[in-house]
Every structure is written in structure tokens, then in C-alpha cells.
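Data block below; observations after.
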Amino acid sequence: MKFFIDSADIKEIREVHSLGLIDGVTTNPSLVAKTGRGFNEVVSEICKLVAGPISLETVSLDAEGMVREGEELIRYGKNVVVKVPLTFEGRIKTNVTLCFSPVQALLAAKAGAAYISPFVGRLDDISQSGMEVVEQIVKIYANYHFSTEVLVASIRNPIHVLTAALMGAHVATMPYAVIKQLTQHPLTDVGIERFLKDWEKVPNKFK
Ligand code: G3P
């Protein structure tokens, strides 16, 4: 399973990238706005830093505008995947975002999308199971051998990541905080504490 970071914060991205934890980046207009920085500088830095796929989102709502913006966006780097809120087919790699149902995902796959992004957290927020939608998408794509990858987005916690992995989703994109949470376990902390305590009792340590 590939891990992407869902962020436009270059500090966060640099940290997880230097640890070798991420395969790509997903951004959206809200994440870029949150940085308080200019789109050009933020996106140029990210595309240079991370070799893997970088999803950059269009804001036009009509197909013509999306294609025009997509063509602008791919100038930032060969690793750019254009994120669009609707389906369209073209030569540009697309990440179809804001997906909330399995039939939307079916349409995106039929239209030739490279990625489909179901938003699990936002479905959970309105009392619908986001992971159930992911399960259905994975099954539909397997039934028809679609090559579209399921990119689970709007992840809020490590359980979302675990469930996505068990379901066979191809990618989980998650905020910096969730990536950090994946490394944590209370028994790991207790274990380290115990090892360090015992280590104090060992004589003749390193020369
Ligand atoms: O990048 C899209 C998605 O992951 C946003 O998540 O937490 O704003 O629902 P969230």
C-alpha cells in the first residue's frame, strides 16, 4: 500500500519525506490556503522535493476549464496528477476527487481516471460509513479489472488506514498528524523505557 501525505505544508512534507515514509502528496485548495503562501512557490517546492505523484486540484467546474487548468498544472512537473471534482477522460493523469459513492467511482473508472478519491472522514461526519464505500469501490474495480487506483482520502485516524489496507485500497493519503500516530503504540513506549532502565544496569558498555 502506498502512503501519500495530504498536505501543502512544506515543513511537514519535508519531515515525512526525509524519513522515507511517503510515496506521494495530495493537495487541495483549502490545504494550500492554510499555508498562507503563494500557490506557485508552494507547488514548485513540493514537486521538486517529492518524486512520486503530486495531486494538484483544478478549480474550474466545466470540462473545458478543467482541461485548461490541468494543462497549466502539469507544467509544474512530470510527477503532477491533476485532481478534478468531476469525471473527464484525457491524456492527463487524473485524480477524481470528492467521491462519496461507489457509482461515482464506477463512472470515474469508466472515464479512465488514474485515481479515485473517496472521502471517508466526511462521510463518517454525516453518519454514513466511509469505509463501506471504499469496500464497495474495491470490489467493483476488482470485478471489472479497472486499473484506476483507490486513493482513500479524508482520513482522520489510524483505523481508517488499517481498514483501507485490509480492504486492499491502493493508496492512503493522510494528514501529517495521522502519519505520526501510525508510529505510536503505548507498549512500544513502555518497552523502550524498560530497555533503557535495564541498560543502565549493564556494565562495560560501548568503549
Ligand atoms: O485532500 C482531500 C481530503 O483528504 C480532505 O480531507 O479532512 O478535509 O475531509 P478532510
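Restricted to the range 110-150, and to residues that are small (Gly, Ala, Ser) and more than 20 Å from the chain's Cα centre (by Cα), which residue is most open to solvent (accessible area, probe 1.4 Å)? Walk me through how you get there before you give the answer.
Within the range 110-150, the first condition is being small (Gly, Ala, Ser), and the residues that meet it are 111-114, 117, 121, 127, 129-130, 142, 147.
Right, trim to more than 20 Å from the chain's Cα centre (by Cα) and you get 111, 127, 142.
Numbers: ALA111: 18, SER127: 108, ALA142: 63 Å².
So, considering only residues that are small (Gly, Ala, Ser) and more than 20 Å from the chain's Cα centre (by Cα), the one most open to solvent (accessible area, probe 1.4 Å) is SER127.
Being within 12 Å of the ligand (Cβ to nearest atom), among the small types (Gly, Ala, Ser) and open to solvent by 40 Å² or more (accessible area, probe 1.4 Å) is true for just one of ALA172, ALA177. Which residue is that? Give the steps one after another, and end with the answer.
Details: ALA172 fails: open to solvent by 40 Å² or more (accessible area, probe 1.4 Å).
Criteria check complete, one pass: ALA177.
Would you mind finding the one in GLY24, GLY20, GLY36, GLY70 that is surrounded by 17 or more Cβ atoms within 10 Å (Cβ to Cβ), under 19 Å from ASP6 (Cα atoms) and small (Gly, Ala, Ser)?
Numbers: GLY20 fails: surrounded by 17 or more Cβ atoms within 10 Å (Cβ to Cβ); GLY36 fails: surrounded by 17 or more Cβ atoms within 10 Å (Cβ to Cβ); GLY70 fails: under 19 Å from ASP6 (Cα atoms).
Step by step, each of GLY24, GLY20, GLY36, GLY70 is checked, and only GLY24 is surrounded by 17 or more Cβ atoms within 10 Å (Cβ to Cβ), under 19 Å from ASP6 (Cα atoms) and small (Gly, Ala, Ser).
Are there any pairs with C-beta distances below 7 angstrom linking a residue in the range 17-37 that is on the phi < 0 side of the Ramachandran plot to a residue that is part of a loop (DSSP other than H, G, I, E, B) and loosely packed, with under 12 Cβ neighbours inside 10 Å, with the two at least 6 apart or on different chains, and if so which?
Qualifying pairs under 7 Å: PRO29/VAL59.
Can you tell which of LEU49, LEU106 is in contact (Cβ under 8 Å) with a residue 24 or more places away in the chain, exposed (fewer than 15 other Cβ atoms within 10 Å of the Cβ) and not acidic (Asp, Glu)? Don't jump to the end; show me each part of the working.
Values: LEU106 fails: exposed (fewer than 15 other Cβ atoms within 10 Å of the Cβ).
Just a single option satisfies the conditions, and that option is LEU49.
Please identify the pairs in which a residue from the range 139-156 that is closer than 11 Å to ALA113 by Cα has its Cβ atom under 8 Å from the Cβ atom of a residue that is among the aromatic types (Phe, Trp, Tyr) and within 15 Å of the ligand (Cβ to nearest atom), counting only partners at least 6 apart or on another chain.
THR148/TYR115; GLU149/TYR115; VAL150/TYR115
Show the residue pairs meeting these rules: Cβ distance below 8 Å; 6+ apart or different chains; first residue within the range 63-74 and under 11 Å from THR94 (Cα atoms); second residue among the aliphatic types (A, V, I, L, M) and modelled with pLDDT of 90 or more.
MET66/VAL82; GLY70/VAL82; ILE74/VAL80; ILE74/VAL82
Residues of the range 30-53 being within 16 Å of the ligand (Cβ to nearest atom) and either over 20 Å from ALA177 (Cβ atoms) or aliphatic (A, V, I, L, M) (or both), which ones? Let's see the steps before the verdict.
Residues of the range 30-53 within 16 Å of the ligand (Cβ to nearest atom): 30-35, 39, 42-43, 46, 50, 52-53.
Residues satisfying the conditions are LEU31, VAL32, ALA33, PHE39, VAL42, VAL43, ILE46, VAL50, GLY52, PRO53.
Among the residues of the range 2-9, is there at least one that is more than 16 Å from the ligand (Cβ to nearest atom) and either under 23 Å from PHE119 (Cα atoms) or open to solvent by less than 40 Å² (accessible area, probe 1.4 Å) (or both)? Walk me through it before giving the result.
Kept after step one, since they are more than 16 Å from the ligand (Cβ to nearest atom), are these residues of the range 2-9: none.
No, the conditions are met nowhere in the range 2-9.
The values are calculated or read from the model by the stated rules, or taken from the named source; none is laboratory data. What you see is a predicted model; the values in this text were computed from it and never measured. Neighbour counts run over all protein chains shown; Cβ positions are idealised from the backbone, glycine included. Accessible surface areas use protein heavy atoms only, side chains included; no ligands, DNA or RNA. Shrake-Rupley method; radii C 1.70, N 1.55, O 1.52, S 1.80 Å.
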